[in-house]
Each structure stands twice: as structure tokens, then as C-alpha cells.
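Read through the structure below, which is laid out as C-alpha cells, and then see the notes.
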């Protein structure tokens, strides 16, 4: 059961020879969530072997060009590849006119439906779910309406310790109730405790995406304890003033958030073209939060299943 | 005095890992003409070392995504780089709404003016000129309004053979008239012939761009005798029916045109993603027109100044 992030583009506003604009793929159990869609996204998807057909949901943080200009080509290519399945795009309300123009000017022959779900809200809310996972949006603090996304596995149903079935002569009905977390008091006085007889097959995994944003207090709550945090890091401490002016973050600020929110691992990206060497960012962040990794094009960050929860 | 074409993208509708969508730069005396602007064009310009500031004119053949989706990122980047000079975009009329949406949705803070010159016309006409060069548009035959462009140096002013100035005791006035091609009958009966006393410093060079188009009779006239012809070659003879259906050309058809129009050199591109190996195109075309070259990303085709004309 895969849960992994691939960073397709690590540039900020200005792409460079080595850096594509923002785009990311989160693979959750072989369902691909595309997060932001900068120019060249379709080429990067191809380069790193992602099937366009496995993408049914796209999450756009905000309507700045470096996060959306790849949508024109991607949607057109999906059409040329014969797509018929609906495509759902979660994006702020001002993405609506962009999509309308795109469809009117280039999409009159698309054979699939594109549904724009306008993301809004001043607190985290669930905007999408499957049987085993869910996605929440939460507000960021940028120059335009901008949202972060939290992807997480739902709490899985508990598994039964096989050897206890016989020991307690459990009925099917009892097994079902115990798996649902219910304790059972038998008529003979025996208490069957769910957390003794069953166990969590795995610890639900989570990933939060924060780009673009200036630091703000509430963000710590929104991303608390995630296994993997992607956070923009456009600037360094030495250019903190520019970061503040443009409502972006420095590597140190991203690391500070990761530390305070107690996340597992931090991936930083959205690098300013003024810094060619991304290890400058990594070094600054690691001073505060050692488990920091500078994204690069095609890098994959896997969250493995971790042993039985209790 | 440079005159050279660089092909930035050789894909047709579907880009591949190796092929970007259509975009080309023609360098005429260090003035850069951008011809079509597929997705990723700005990255390719950067990769091959072209300064965005040297681009003041963009020529768009037609409003299909694979020829225009790079315009969003390019225009935004020009703005971020502080552009203030006007930008002129020559494109069919239906490019107007695309540009309007772009500016409305992403360009409200652009500090430079973008002028769209609607290309139309059923015969070649001059749409742009400088002191030393000019650009003509001519209609192609595609599924939507589509235009080719002919770039050529103007006939340069004639130079005087220095040794004849003294021999004939030429006055400044006589020199000027002779350089302008005028013959002069002196009062003493001597006839000063311009084509004897002067010479063309160089033969004007020309480049024609044809993408996308089905073959048609008149095209031969439009590109007659150019030094360099770029012609789309989406398909091969074996897929000629698909070419006809989609109003494209095969490598053989491009070569046949090059042969009949007596061009110097043929560059083919806009390759279908179904053919990974572009030498298939080159081989087919060379059977008919040996001076054919399959474009590749970053390839440069130079037209050197050729010796004195007469």
C-alpha cells in the first residue's frame, strides 16, 4: 500500500534550466493526486512514468502562473489520449474563469467532464474522501487566496489476533463488533476488550502540502504530526525581508514549523532562481530540523507502512 | 550578420520525454523572432541561451494548444524580468480571446504593452519590416486558420568597387546614384553602369516556416527559392491517410514541396509521438530531397552569408 510523494518541479516564479515550476504527485494506494500544475507538468509526468489515466483529482493551491500554467497542456493531452472519465479539480474560486476560458478556447472537443470544486473556508475541512483516505483543505497566507492540502489515510478497521478467535470461541458477530472497536461484555461476565483482541493493521499515514505562504501561527495546528510535510522555501534567512514582502517563507521558517508541528520529515521546494544550489536551503533548514530534504525534479519521498499500531 | 534558425521543440500534439511542443527562434542580425510558442518554450529558450529581452516579435501560426500553450509562462516571465518594451504578437484573429483572457487573469500587473496584430489574408503580404529585413505571412491549409511566415533580408544597398572610384573620378553624388542601381550617362558620353561599378555585398537570405498544413498547390509559390524551409512532417508515407484526415503532411510531401520550390535546405519537425525515431522521417524525405534535416531540440541551422551577388 504505497504512499509516496514525487516532486516534479522545484522552481518558484521563474523556472530555470534545471527547475520546472511547481507540480507534485502523491501516490496513495496507486491513486495519483496531482498537486499544483506548473508549466511542463505533463512532460514531467511522462518523464517520471506516471500514467495520466490514474489522475482523477487535481489540487491547485492558488491561481498564480507558476502553479497552474501546465493545466492547459495537461487537460488537452488527456483529451487527445481519449479520456472519458470525469476529472475533478479542487482549486480556489478564481480558478473558475481560467478553466472556463481554457474549455471555451481549447476544450470544445473534450469528451470528458471537468468539475471544478471551489475550495474556500477558514479552517481545515474534508473536501474529498475515498473508503481508505481523505483530503482536507486549509487556508494559507499568501498574496492571493491560497490553500494547503492534507492527505491522510483513514483509520483502518482493526484486525483480529487470529489465535484469540479459538481461545475465546468468538462468533462472527462478536468479531465484527470487536473489529469496530467495541468492547463486549458476555453474559457469563467475561469482558472481551477490543484493544486486546484486535490491533491496528497499520498506522494511518499523512502528508501536508503548504505552498505558497508566509508563516502564521495557526499553520502549526493544521499540519501537526504529519508524517511528511512539503513546505515552500522560496528564500533563505539572508533574504527574509523579500520573503516577508512577497508573503513567502525561508528555509529556516519552514524548518521551524516542521519542528513545532512535530512532523516526521520535511521536504522543501519552490526555490528562488537567485539560488542555484538547493543545498543552501537544505543546510539552513537542517540546523533547525535535521530531517529536511531539498526537493529535486523527480525525487520520490516514500512513507513506508509502519508496524502495528496498538 | 547572423541568420539562423534554432528548433526548440519538435513534437506535434503530444509532447514526449524527448520532444517539446513547437517553438522556434530565428535570429536575424541578433534580433530574435520567436515562431510558435508551445508549452515549455520559456524553459527551452533558457536552456539554449536566448535572452528574453531580445524578443520583441512573436509569430503564431495557429491557435492549437501545441503551438501556443507556452505563451502564458513566457509573457509572465517577461513581466517578472522587468520588461517594459512593447511586445508584438502576430497571430490569427482567434488568438485575440486567448490573449485577452491571459492578460485579464494573469497580466493585470504587466508593465509592458502587448500588441496583437491579427494575421489574415489569402495571399502573401508583408506584415513586419525593419531597415534590413521583412516578414510576410501566407495562408496554410489546416483545420483552423493557420499561417506560414516568410522571413527575408531586404535587398541590401549595392557596394562600390573601390578601385573604380579613382579610375572614373566618381563624385559623391554619382556614387550614391550608382549604389542605388542607377546607370549614369556622363556629358562626355561615358556610360557608368551600376552593375559594373557596384556589386551586392551579399545575397539576401530567406527562411520560410510552414506548420501545420496539408499540401496544396499554391504553397510552392509562397516558399519558392528560400534558402531554408521549415516544414511540418507529422506523418510518414505509411500513415498518409491519417495525415490527410488531420490536414497534416508526411515527410515525403514536405520533401516534394522543397524539391519543387527549389529551396536550399529543408528542416522537418512536428513529429507524431507514434514515431520515436526521427531518422525515419529524415530517410523518407531524403529519398526525394537529399538536403533534408530532421529537427531536434536545440538544433541550429545557420544560413551563412553567400559571396557577392552580381
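Regarding residue B:229, is this residue assigned by TED's automatic domain parsing to the domain that holds residue B:130 and without any contact (Cβ under 8 Å) to a residue 60 or more places away in the chain? Here the answer is yes, as residue B:229 does meet what is asked.
Can you name the residue in region A:43-54 that is touching a strand residue (DSSP E or B) at 6+ places or on another chain (Cβ under 8 Å) and over 19 Å from residue B:40 (Cβ atoms) and, of all such residues, is farthest from the other protein chains (Cβ to nearest Cβ)? If we take residues in region A:43-54 being touching a strand residue (DSSP E or B) at 6+ places or on another chain (Cβ under 8 Å) and over 19 Å from residue B:40 (Cβ atoms), then A:54 is farthest from the other protein chains (Cβ to nearest Cβ). Residues in region A:97-114 that are in contact with a strand residue (DSSP E or B) (Cβ under 6 Å, 6 or more places away or on another chain) and within 13 Å of another protein chain (Cβ to nearest Cβ): 1 in all.
In the set (1) under 21 Å from the mean Cα position of the chain (by Cα); (2) farther than 21 Å from residue A:144 by Cβ, residue A:237 fails one condition alone, (1).
Put simply, of B:25, B:17 the only residue that is in the same structural domain as residue B:271 (by TED's automatic domain parsing) and modelled with pLDDT under 95 is B:17. Taking (1) over 24 Å from residue B:22 (Cβ atoms); (2) out of contact with any strand residue (DSSP E or B) (no Cβ under 9 Å at 6 or more places or on another chain); (3) at the interface with chain B (Cβ under 10 Å from one of its Cβ atoms) in turn, residue A:30 satisfies each apart from (3). Filtering region B:83-96 to residues that are within 14 Å of chain A (Cβ to nearest Cβ) and in contact with a strand residue (DSSP E or B) (Cβ under 7 Å, 6 or more places away or on another chain) leaves B:91, B:92, B:93, B:95, B:96.
Evaluated against (1) in contact (Cβ under 8 Å) with a residue 12 or more places away in the chain; (2) within 11 Å of chain B (Cβ to nearest Cβ), residue A:80 falls short on exactly one condition, (1). Here the condition is being buried (at least 20 other Cβ atoms within 10 Å of the Cβ) and in the same structural domain as residue A:8 (by TED's automatic domain parsing); of A:121, A:73, it holds for A:73 alone. Among the residues making up region B:191-210, a single one is touching a residue at least 40 places away in the same chain (Cβ under 8 Å) and loosely packed, with under 13 Cβ neighbours inside 10 Å: B:195.
State whether one or more residues within region B:11-25 are more than 13 Å from chain A (Cβ to nearest Cβ) and in contact with a strand residue (DSSP E or B) (Cβ under 9 Å, 6 or more places away or on another chain). Quick ask: steps written out before the conclusion?
Keep residues of region B:11-25 that are more than 13 Å from chain A (Cβ to nearest Cβ), which gives B:24-25.
Next, only the ones that are in contact with a strand residue (DSSP E or B) (Cβ under 9 Å, 6 or more places away or on another chain) stay: B:24-25.
Among the residues of region B:11-25, at least one is more than 13 Å from chain A (Cβ to nearest Cβ) and in contact with a strand residue (DSSP E or B) (Cβ under 9 Å, 6 or more places away or on another chain), which makes the answer yes.
Based on this model, can you work out whether residue A:49 counts as out of contact with any helix residue (DSSP H, G or I) (no Cβ under 8 Å at 6 or more places or on another chain), free of Cβ contacts under 8 Å to residues at least 60 places away in the same chain and at positive phi? Walk me through how you get there before you give the answer.
Numbers: out of contact with any helix residue (DSSP H, G or I) (no Cβ under 8 Å at 6 or more places or on another chain): yes; free of Cβ contacts under 8 Å to residues at least 60 places away in the same chain: yes; at positive phi: yes.
Yes: the conditions hold for residue A:49.
The values are calculated or read from the model by the stated rules, or taken from the named source; none is laboratory data. This one's a predicted model, so the numbers in the text were calculated from it and none came from an experiment. All Cβ positions, even for glycine, are placed from backbone atoms using ideal geometry, and neighbour counts span all protein chains on display.
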